[in-house]
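One structure below.
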Amino acid sequence: MSIMEYNGGSVIAMVGKDCVAIASDLRLGSQALGISSNFQRIFPVTDRVYVGLPGLATDVTTLRERFRYRVNMYTIKEEREIEPETFAHLVSSTLYQHRFGPYFVEPVMAGLSKTPSGGFKPFIAATDLIGCLNFAKDFVVAGTASAKLFGVAEGLWEPDLEAEDLFETISQTLLNAVDRDAYSGWGAIVHVITKDKIITRTLKGRMD
């Protein structure tokens, strides 16, 4: 078994029209043994940037604190909020520094980046465990159910979804994909980021 699958868990991010969504399941396991049904693996970085960390639970906790520290240092030095693109490169360089003894985590990032005209445009990205960035215009997935998430997302996602439609699409994608994976599931949490607000909803899932 891969160490990446030891604790289970999956994350997906999707792009909508002037909004972006990121969602994960809530299961924490030790292989097939379930430990918790309320394990958070999505964390706010700023008011409009979120990061999801599927992988080994101990490294999820470690990286969350490391990213928090580096983002705070950036904010103090630059005297401004970090942009999603900049944060993606920060994540990438943090992981690449440890490439010879890597963190067993594949981060997924979602946020709204400022445009020169003053508007916001959706941004999503994911990296592998040594920080190789993957930018996408539709959706990115990571975790033990990633193959199933790709399949369902390819069928359900369409361009320019409004916030509520995007919520419905990402929720159905995640819930249907994790039902086909033994190491993910047990409920889900969804964050939809719009320019005015962040909508967070917790979903019930199958508990078997």
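The values are calculated or read from the model by the stated rules, or taken from the named source; none is laboratory data. Quick caveat, the model's predicted, so the values are computed rather than measured. Every residue, glycine as well, gets a Cβ built from its backbone with ideal geometry; the counts of neighbours run over all protein chains shown. The area values use the complete protein model at the heavy-atom level, side chains included, leaving out ligands, DNA and RNA. Shrake-Rupley method; radii C 1.70, N 1.55, O 1.52, S 1.80 Å.
So here's what we get for this one:
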{"read-out": "Matching residues, the stretch 127-137, being under 12 Å from Met14 (Cβ atoms) and within 14 Å of the chain's Cα centre (by Cα)", "value": "Ala136"}
{"read-out": "Answer from Glu154, Glu106, Glu158 - the residue that is touching a Ser or Thr at 6+ places or on another chain (Cβ under 7 Å), at pLDDT 95 or above and open to solvent by 40 Å² or more (accessible area, probe 1.4 Å)", "value": "Glu106"}
{"read-out": "Test: residue in the stretch 184-191 that is over 23 Å from Pro44 (Cβ atoms) and either surrounded by fewer than 13 Cβ atoms within 10 Å (Cβ to Cβ) or touching an Asp or Glu at 6+ places or on another chain (Cβ under 9 Å) (or both)", "value": "yes"}
{"read-out": "Some residue of the stretch 121-131 being touching a Lys or Arg at 6+ places or on another chain (Cβ under 6 Å) and either part of a loop (DSSP other than H, G, I, E, B) or buried (at least 19 other Cβ atoms within 10 Å of the Cβ) (or both)", "value": "yes"}
{"read-out": "The stretch 41-97: number of residues that are within 25 Å of Ile189 (Cα to Cα), of a type in the set (Ser, Thr, Tyr) and in contact with an Asp or Glu (Cβ under 8 Å, 6 or more places away or on another chain)", "value": "1"}
{"read-out": "Residue that is nearest to Lys195 (Cα to Cα) [pool: residues in the stretch 138-172 that are more than 15 Å from the chain's Cα centre (by Cα) and assigned to a loop (DSSP other than H, G, I, E, B)]", "value": "Glu162"}
{"read-out": "Of all residues in the stretch 192-207 being in contact with a helix residue (DSSP H, G or I) (Cβ under 7 Å, 6 or more places away or on another chain) and under 22 Å from Phe150 (Cβ atoms), the one that is surrounded by the most Cβ atoms within 10 Å (Cβ to Cβ)", "value": "Val192"}
{"read-out": "Residue that is most open to solvent (accessible area, probe 1.4 Å) [pool: residues in the stretch 90-101 that are out of contact with any Phe, Trp or Tyr (no Cβ under 9 Å at 6 or more places or on another chain) and free of Cβ contacts under 8 Å to residues at least 40 places away in the same chain]", "value": "Phe100"}
{"read-out": "Filtered residue count, the stretch 132-151, keeping only those that are open to solvent by 60 Å² or more (accessible area, probe 1.4 Å) and polar (S, T, N, Q)", "value": "1"}
{"read-out": "Those residues of the stretch 61-79 which are open to solvent by 90 Å² or more (accessible area, probe 1.4 Å) and β-branched (Val, Ile, Thr), in sequence order", "value": "Ile76"}
